[in-house]
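Read through the structure below, which is laid out as structure tokens, and then see the notes.
Just so it is clear, none of the values below were taken in a lab; they were calculated from the coordinates. As the structure is a prediction and not an experimental result, all values here were calculated from the model. Because the Cβ atoms are built from the backbone with ideal geometry, glycine has one as well, and the counts that use them run over all protein chains shown.
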Amino acid sequence: MAVLVLVEHGEDELSRQAIAFASGLGEVEALAIDGDASGWPVERAHVAEGMDSYAPGAWARALEEVIDRVAPTAVVAAGTNRGNEVLAYVAARRDLPFAANCVSLLAQDSAGGASANGGESLTVTRVRWGGSLLEEARIHSSLPLLSVAPHAVPAAEGAGSPEVETFTPELDESDLLVQVAEHVDEVSTGISLAEAKVVVSGGRGVGSADGFGIIEELAAQLDAAVGCSRVVTSAGWRPHTDQVGQTGTKVSPDLYIACGISGATQHIAGCKGAKKILAINSDAEAPILASADYAVIGDLTEIVPAITAELRKARAP
Amino acid sequence: MVALSISGVLFARRARLLVGLVRMGKPTDRSGDLPQRARNEAEIVLGQRKLLQRLVPGLIHAAIFWGFLVLLPTIVIAMIGAVDRDSTLPWLGHQGWFAFLVDFFAVLVLLGVIGALAIRKVQRPARFEGSHLGEADLILAMIAGIVTTLLLWHASRIALGLNEWPAGWSPVSNALSGSFGDGGVTKVLERAFVWAHVLIILSFLAYLPHSKHLHIATAAVNVFFTRTRARGRLEPLRFDGPEEEMRFGAGTVADLTWKQTLDTFSCTECGRCQDVCPAWATGKELSPKLLIMALRDQVFEDGPPLLRGADGFEAQPLVPGAVTDNVVWDCVTCGACVRECPVSIEHVDHIIDLRRHLVMMESRFPAEAEPMLRDVERAGNPWGKPQTERADWAERLGVRVLEPGDPAPEVLYWVGCAASFDERARTAAESTAKLLKAAGVDFAILGPRESCTGDPARRMGNEYLFQAHAEQNVSTLNESGVTKIVASCPHCFNTLGNEYPDFGGSYEVVHHSELLADLVAEGRLSPNGSNKEITYHDSCYLARHNDVLEGPRSIVSAVGQPIEMERSGKRTFCCGAGGAHMWMEERAGLINEERAREAASTGAETLAVACPFCTVMLDDGVKANGSEMRVADVSTLLAESLDDSGA
């Protein structure tokens, strides 16, 4: 029996993971939207044509057409925004159960035999609550819809030579109500705060807008982004785009250097994703120390330039 | 007769439109509580209580208002007199005492008008910024015209010996009569005065419903229908209606409730709300007065075609049609405007309904608040901290965590997210727990089973998220058999006490400052006084929304020397965190710094607070101002005072 996988061009890695996941359920057929599907490592590829821009309703319609033709035992997609959205459409239209962000397949029972619809069940493990919870879910349906959490299973390797069938799905206006109108590239200047490997951040202890000079110098030595706390943006020393915190950017660098930041809850909420936190603070009682892995207690106007100087020295040829 | 009918027709046509617009409004239940409503009429309308919050303008208004009540019968008397010089109202027209009252109040009204003009022309207070000033001048001129012509008419009648009342009873008219002869000129003048009087009144009547002075007709009604239950409570939305009726909040004029429409008709642009608004005071776009005026303009623009059911007419969105997004998000829901308003306009309800529409129908709100909403939904607290860490502070103090099936404590201590997770706010929870233990109170906390009450989500307009939390918390509390709750956060306190009854949760809810004050009064805690000067900052959700004033003050008095700020008690000034602003950025001056400056100006060394958000906001404000002032919760001050005794 066939398992149908929705593959996405441009998300090849995640789609191949979905294919690998699906291969545990049966012979894999793929639905691709436009483009060349001849390389996907599947038995058969259905290519829906005439779909210009991403429209979840239209993709779902194409998927439904293939479901009706192939009568698969399960439908799988990568747990991307699009994969989850398209499966949610199909689930709603066909009144089918949808388990999003699966990480593994636990069991496939077809007990009951006589009543094909009532007896079949599939048990999967899936991540919930932003990764803080693993849920074991048993799905009772003749056609479970599953999406695969990114990087939960290894991708299916190699190139296949599937039999390719093209078709043009029948769409009506309602399928195109939601569609991508425009792509806007993210404007990025320098090292983005959200993605930086190292962030050097300053708080009230820095003292003034000019005080950030030494923070910037240290950041330059470390190829780091400069961040700051809310009091700094409130005081107008730095733009709001530099703010790390609950109402600013949430960062997850390898190293977060908090200079003169007391560590209000609002700030910790933005930097708790850092692998290591180094706090430089004159107050040994500052709350930031509860979250920090390393701390230097002292005057940041002496300590920060000293670190910069050491780094320069170490890097000097 | 002709004049009367023209004026009557103009008035009636306008009145029909206005009534139609109000009746078009969405339902809101304002029935019941008749004794309270009658009391409001007596105090706020007849007694002018809210106007008299500002003594001089209040007295001026009261003079004009009371004057007009007394002078109402003279309209009929003048109309009779205009038609037939020798007739008057039976009985009343002959009464000396009434003539005296007319004289007395006519002069009072005139003095009132002069006072009002002095305020408007000489003093020019900032609260009138954005009001229709010309309209006000015209109205004052008309009022002056009405009473002047009345006095002159009476004077001329006395001069002609036509007075039906003993002339001695009306000293002013009698004195004026000396300047008239008893000849033909006076006869003509007598006719001229009475006709001028009647015509000004009729023009006033016709003009009234077309102007901001409409409040004469609407204010008393608006006051009558004002909210009588807890001021801090928001009206819940229902999510179980038919799908086609699923519109949440106020997107267009068609979504306003009838009370909201009536609110807009009642505003007389006095600007008292604007004067006390923390957003306006710190240079934000929001002025509660300008908000209500903008909504009124929109009601007059879109209301009539909606009322007619004009084909294909689509009312324009209130945001940005009437007000900008910033106006909607600048509000801290402190309720200062509502409290100040002499005609009982409920500004905060307007703001919340605008937010509800933006958040739930359009998903449009300040981006920086999104993590808070997500964290409340996902983690049960606004900072996304693990729920398992909620009771960490309590473990160190050996506080009982109520497990499912445990017997309910006498008092459940509802800690709240801020005091559970925030370093600075937690001190208050630790102090409160220590004090409750010291006083031998049987209490426990819910620990990880406590979640955000949903207040920040609700004040942001995300009613759906709020209700999910309300239902969950109510079921936890009910299953645990909780009957009495002490809350440390005024926002939790307000939500638990005023809003959870709508979701099946009825408990006796007190704020920790009240409970601790009671324990001191009962002698179960014995604080040591000191000479330390302490100024206490009232939280909006304690003082203004819930009348909690005495508890925290008695603690402050017990441990130090209280010293009041200029804006205190029910007229307190927000710390800047309310209405979910704890999780939003301020786009102009900072409210917390403004308030911290006011606190510092008292010269007190300690700024006492009773709210975790006020703690954080004012501590930041004090530091930003470079002040040395210490910000501490009343519970912490009380606990320290006990420690001092070595107890």
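When +1 charges are put on Lys and Arg Cβ atoms and -1 charges on Asp and Glu Cβ atoms, the dipole computed for segment A:202-316 relative to its Cα centre reaches about 340 debye.
Which FRET efficiency value, to the nearest 0.05, do you get for B:Val122 and B:Asp518 by plugging their Cβ-Cβ distance into 1/(1 + (r/R0)^6) with R0 = 45 Å? Could the numbers behind the result be given before it?
Numbers: r = 50 Å, r/R0 = 1.12.
The formula returns an efficiency of 0.35 here.
Where Lys and Arg each count +1 and Asp and Glu each count -1, what net charge lies around B:Asn462 among other residues with Cβ under 10 Å from its Cβ? So the surrounding residues net to +2. Toward the positive end of the charge dipole of segment B:400-483, with +1 on the Cβ of Lys and Arg and -1 on the Cβ of Asp and Glu, the farthest Cα among B:Asn462, B:Ser451, B:Ala428 is that of B:Ala428. Along the positive direction of the dipole of segment B:521-647 (beta-carbon charges: Lys, Arg +1; Asp, Glu -1; about the Cα centre), which of B:Gly603, B:Ser627, B:Gly578 reaches farthest? Toward the positive end, the furthest listed residue is B:Gly578. Taking the C-alpha atoms only, the angle from helix B:512-521 to the longest principal axis of chain B is near 80 degrees.
Each residue in B:Thr218, A:Thr166 was given a count of other beta-carbon atoms within 10 angstrom of its own, and listing them fewest first yields A:Thr166, B:Thr218. A simple charge model with +1 on the Cβ of Lys and Arg, -1 on the Cβ of Asp and Glu and nothing else charged puts the dipole of segment A:122-260 at about 1040 debye relative to its Cα centre. If you take the alpha carbon atoms of chain A and fit the smallest convex hull around them, that volume is 179 Å³ per residue.
Legend note: in chain B, cysteines whose Cβ sits 4.7 Å or more from every other cysteine Cβ are B:Cys267, B:Cys270, B:Cys277, B:Cys331, B:Cys341, B:Cys417, B:Cys452. Along segment B:115-130 the Karplus relation, 6.51 cos²θ - 1.76 cosθ + 1.60 evaluated at θ = phi - 60°, assigns HN-Hα couplings of x, 4, 5, 4, 4, 6, 9, 9, 6, 6, x, 5, 5, 7, 4, x Hz to successive residues, with x for each Gly and Pro. Of all DSSP beta bridges confined to the protein assembly as shown, the antiparallel ones make up roughly 15%.
Think of the protein assembly as shown as a dipole: +1 on every Lys or Arg Cβ, -1 on every Asp or Glu Cβ, centred on the Cα centre; then among A:Ala78, A:Val124, A:Asn281, A:Asn281 lies furthest on the positive end. Near the amide H of A:Ile280, within less than 5 Å, lie the amide hydrogens of A:Ala258, A:Cys259, A:Gly260, A:Ile261, A:Val296, all on another chain or at least 5 residues away, with H placed in the peptide plane. Listed by Cβ neighbour count within 10 Å, with the fewest neighbours leading, B:Cys574, A:Cys228 appear as A:Cys228, B:Cys574. Computed from label points 7 Å out along Cα-Cβ, the spacing between A:Asp293 and A:Leu133 is 2.9 nm. Using θ = phi - 60° in the Karplus curve 6.51 cos²θ - 1.76 cosθ + 1.60, the 3J(HN,Hα) couplings for segment B:355-370 round to 5, 4, 5, 4, 6, 8, 9, 10, 6, 10, 6, x, 4, 5, 8, 4 Hz; x is entered for Gly and Pro. Summarising the amide proton neighbourhood of B:Lys26: residues at separation of 5 or more, or on other chains, whose placed amide H is nearer than 5 Å comprise B:Leu256, B:Thr257, B:Trp258.
Please list, in order, the residues from segment A:222-242 whose amide nitrogen is less than 18 Å from a point placed 7 Å along the Cα→Cβ vector of A:Asp254. From segment A:222-242, the list is A:222-226.
Highest GNM mean-square fluctuation among A:Glu135, A:Glu302, A:Glu120, for chain A modelled with Cα contacts below 10 Å: A:Glu302.
Remark on segment B:97-159: Rg and Dmax equal 14.4, 47 Å (Cα only).
About the Cα centre of the protein assembly as shown, how large is the charge dipole given +1 on each Lys and Arg Cβ and -1 on each Asp and Glu Cβ? Please answer in debye to the nearest 20.
Details: 83 positive and 122 negative charges, 896 e Å.
I would put it at about 4300 debye.
Couplings 3J(HN,Hα) for segment B:212-217, derived from phi with the Karplus relation 6.51 cos²θ - 1.76 cosθ + 1.60 (θ = phi - 60°), are 5, 6, 3, 4, 4, 8 Hz, where x marks Gly and Pro.
Bridging of A:Lys275 to aspartates and glutamates at a Cα separation below 16 Å is possible for A:Glu195, A:Asp254, A:Asp293, once same-chain residues fewer than 8 apart are set aside. In terms of Cα to Cα distance under 19 Å, which lysines are near enough to B:Lys26, apart from those fewer than 8 places away along the same chain? Correct list for B:Lys26: B:Lys259. In percent, rounded to a whole number, the relative contact order of chain B is 12, using alpha-carbon pairs under 8 Å and six or more apart. Can you bin segment A:28-88 into rounded, prolate or oblate? Criterion: square roots of the alpha carbon gyration tensor eigenvalues sorted a ≥ b ≥ c, rounded for a/c under 1.5, prolate for a/b above b/c, oblate for the rest. Taking the square roots of the gyration eigenvalues as a ≥ b ≥ c, segment A:28-88 is rounded.
Each part reduced to its alpha carbon centroid, segment B:275-342 and segment B:587-606 end up 29 Å apart. Largest GNM mean-square fluctuation among A:Leu122, A:Leu106, A:Leu255, using chain A with Cα springs under 10 Å: A:Leu255. Straight-line reach from B:Lys484: taking Cα to Cα under 30 Å and skipping same-chain neighbours fewer than 8 places apart, the lysines in range are B:Lys385, B:Lys434, B:Lys437, B:Lys570.
Taking H placed 1.01 Å from N in the peptide plane, check which residues at least 5 places from A:Ser147 or on another chain put their amide H under 5 Å from its amide H. Correct list: A:Ala77, A:Ala99, A:Ala100, A:Asn101, A:Cys102. A straight line joining the Cα centroids of segment A:297-317 and segment B:446-518 runs 51 Å.
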